[in-house]
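The values are calculated or read from the model by the stated rules, or taken from the named source; none is laboratory data. All values derive from a computational prediction rather than experimental measurement. Backbone-built Cβ (ideal geometry, glycine too); neighbour counts: all protein chains shown. Heads up: the accessible areas ignore ligands, DNA and RNA and are worked out on the full protein's heavy atoms, side chains in. Shrake-Rupley method; radii C 1.70, N 1.55, O 1.52, S 1.80 Å.
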Amino acid sequence: MFFGDSSAQNSIYLNDSIKHKVDGLPINDSSIKQAFRRYETFDVIFFHCTYPLAGCKEIEFIKNLQRKDIDLRTTSYRHKPDSKGFYNDEWWKNLSVSDIDFLFENWMQMIDYYYQQNPKIVLLPVRAHYYDKQLNLPNKAIQMLTEFDRIVDLSPLNNYNKRNYIDKFGNLSKQGFNLIKDNILKWLEN
């Protein structure tokens with residue numbers, strides 16, 4: 001089962017695999033918790049955990065969520081689809097360094113929460129890997145994720161090659177997918 005941002009559907013070239021995407025998918029989106037409950041019968045859930053800046057237009061609301069226990073720090077983006085992503089909109093470039101740091105920290109806290117709640121989750125951060133290379137930010141999402149044991153090794157994609165991607169959003173081409181395919185399949189064998 002592959003779940004997460006649109007790379008869950010657009011970057012996976014395994015026939016007969018179940019894929020569920022939610023475009024943009026900010027880490028505080030309530031649909032994440034709902035999906036993990038819905039998919040709890042699967043042996044492995046590959047979580048495409050987008051990039052920390054997704055949903056950054058709602059930063060003030062996300063900051064207010066910090067006052068709540070972590071299991072209550074979600075919100076529905078269903079009625080505000082223009083607030084989900086970040087890359088198509090120049091707005092994110094106006095964020096302060098402290099706001100970017102906050103979004104990265106929030107992202108890590110929420111991933112850790114989901115990860116601890118469900119031992120079937122294996123992180124597959126295709127977008128995080130891509131944007132780390134594309135954006136000139138000091139924060140590196142992939143480096144932050146090294147604390148997790150259940151994560152697909154994306155290092156075969158480290159040497160950027162535009163033929164490994166089909167668009168500016170970091171969706172993998174079949175060639176790019178084939179570079180990490182064995183690293184994904186090993187999680188299905190366990």
Legend entry - Any hit, segment 128-144, residues being assigned to a loop (DSSP other than H, G, I, E, B), in contact with a Phe, Trp or Tyr (Cβ under 6 Å, 6 or more places away or on another chain) and surrounded by 15 or more Cβ atoms within 10 Å (Cβ to Cβ): yes
Legend entry - Single residue of Ile70, Ile62, Ile32 found to be among the hydrophobic types (A, V, I, L, M, F, W, C) and touching a residue at least 60 places away in the same chain (Cβ under 8 Å): Ile32
Inset, instruction - Could you check how many residues of segment 49-107 are among the aromatic types (Phe, Trp, Tyr), closer than 22 Å to Lys21 by Cα and at pLDDT below 90? - result: 3
Inset, instruction - Restricting attention to segment 17-54, report how many residues are in a loop (DSSP other than H, G, I, E, B) and either of a type in the set (A, V, I, L, M, F, W, C) or more than 12 Å from Gly85 (Cβ to Cβ) (or both). - result: 16
Inset, instruction - Return yes when Gly170 is under 18 Å from Ser6 (Cβ atoms), touching a residue at least 12 places away in the same chain (Cβ under 8 Å), assigned to a loop (DSSP other than H, G, I, E, B) and among the small types (Gly, Ala, Ser) and no when it is not. - result: yes
Inset, instruction - Could you run through segment 173-189 and say how many residues are within 19 Å of Asp43 (Cβ to Cβ), free of Cβ contacts under 8 Å to residues at least 12 places away in the same chain and either open to solvent by 80 Å² or more (accessible area, probe 1.4 Å) or part of a loop (DSSP other than H, G, I, E, B) (or both)? - result: 3
Legend entry - Residue list for segment 145-163, filter: among the acidic types (Asp, Glu) and surrounded by 11 or more Cβ atoms within 10 Å (Cβ to Cβ): Glu147, Asp153
Legend entry - Criterion violated by Lys93 - all others in (1) farther than 15 Å from Ser30 by Cβ; (2) touching a residue at least 12 places away in the same chain (Cβ under 8 Å); (3) open to solvent by 40 Å² or more (accessible area, probe 1.4 Å) satisfied: (2)
Legend entry - Residue among Ile111, Ile121, Ile166 that alone is within 27 Å of Gly176 (Cβ to Cβ) and surrounded by fewer than 18 Cβ atoms within 10 Å (Cβ to Cβ): Ile166
Inset, instruction - Taking Tyr77 as the residue in question, decide whether it is out of contact with any Cys (no Cβ under 6 Å at 6 or more places or on another chain), more than 25 Å from Asn164 (Cα to Cα), open to solvent by less than 30 Å² (accessible area, probe 1.4 Å) and not in a helix (DSSP H, G or I). - result: yes
Legend entry - Test: Lys57 is touching a residue at least 24 places away in the same chain (Cβ under 8 Å), more than 16 Å from the chain's Cα centre (by Cα) and part of a helix (DSSP H, G or I): yes
Inset, instruction - Look at segment 51-66 and say how many of its residues are open to solvent by less than 10 Å² (accessible area, probe 1.4 Å), farther than 11 Å from Ile100 by Cα and either among the polar types (S, T, N, Q) or touching a helix residue (DSSP H, G or I) at 6+ places or on another chain (Cβ under 7 Å) (or both). - result: 3
